[in-house]
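Student: Once you've had a glance at the structure underneath, I'll fire off some questions.
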């Protein structure tokens, strides 16, 4: 189970948000219908030691910092792209 890292504002840290979000997104993308199943969501949140409300709170608090959020979403996209490339390489092997 992951650590629930929080800053002084009671908000999860950037890395926890990114890694959780990426895992949730990849789980959804791995399904033919693109839908995240409830049991997958619950398992991923548990693995990262967070609750859905933690993700929402992070965006509520940090979302006002446009530059921070732009860099965050760039990092999310890069990680998802890297995971997709890795899966494609594995499938081709």
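Student: Go through 84, 53 for me and flag whichever is within 17 Å of residue 13 (Cβ to Cβ) and part of a helix (DSSP H, G or I).
Tutor: After applying the criteria, what remains is 53.
Student: In the stretch 56-73, what residues are out of contact with any helix residue (DSSP H, G or I) (no Cβ under 7 Å at 6 or more places or on another chain), part of a helix (DSSP H, G or I) and surrounded by 10 or more Cβ atoms within 10 Å (Cβ to Cβ)?
Tutor: Residues of the stretch 56-73 out of contact with any helix residue (DSSP H, G or I) (no Cβ under 7 Å at 6 or more places or on another chain): 56-57, 59-61, 64-67, 70-71, 73.
Then keep just the ones that are part of a helix (DSSP H, G or I); that gives 56-57, 59-61, 66-67, 70-71, 73.
Across the stretch 56-73, the qualifying residues are 56, 57, 59, 60, 61, 70, 71, 73.
Student: Now for a separate question. When only residues in the stretch 36-55 that are over 26 Å from residue 88 (Cα atoms) and in contact with a helix residue (DSSP H, G or I) (Cβ under 7 Å, 6 or more places away or on another chain) count, which is surrounded by the most Cβ atoms within 10 Å (Cβ to Cβ)?
Tutor: 50
Student: Find all pairs meeting these conditions: Cβ atoms under 7 angstrom apart; at least six residues apart or on different chains; first residue within the stretch 67-93 and farther than 16 Å from residue 24 by Cα; second residue in a helix (DSSP H, G or I) and at pLDDT 85 or above.
Tutor: From the stretch 67-93, the pairs are 68/62; 69/62.
Student: Follow-up. Any residue in the stretch 16-35 that is exposed (fewer than 12 other Cβ atoms within 10 Å of the Cβ), on the phi < 0 side of the Ramachandran plot and in a helix (DSSP H, G or I)?
Tutor: The answer is no, given that none of the residues of the stretch 16-35 is exposed (fewer than 12 other Cβ atoms within 10 Å of the Cβ), on the phi < 0 side of the Ramachandran plot and in a helix (DSSP H, G or I).
The values are calculated or read from the model by the stated rules, or taken from the named source; none is laboratory data. On a predicted model such as this, the values are computed, not experimentally measured, just so you know. Positions of Cβ are generated from backbone atoms using ideal geometry, with glycine treated the same way; all protein chains shown enter the neighbour counts.
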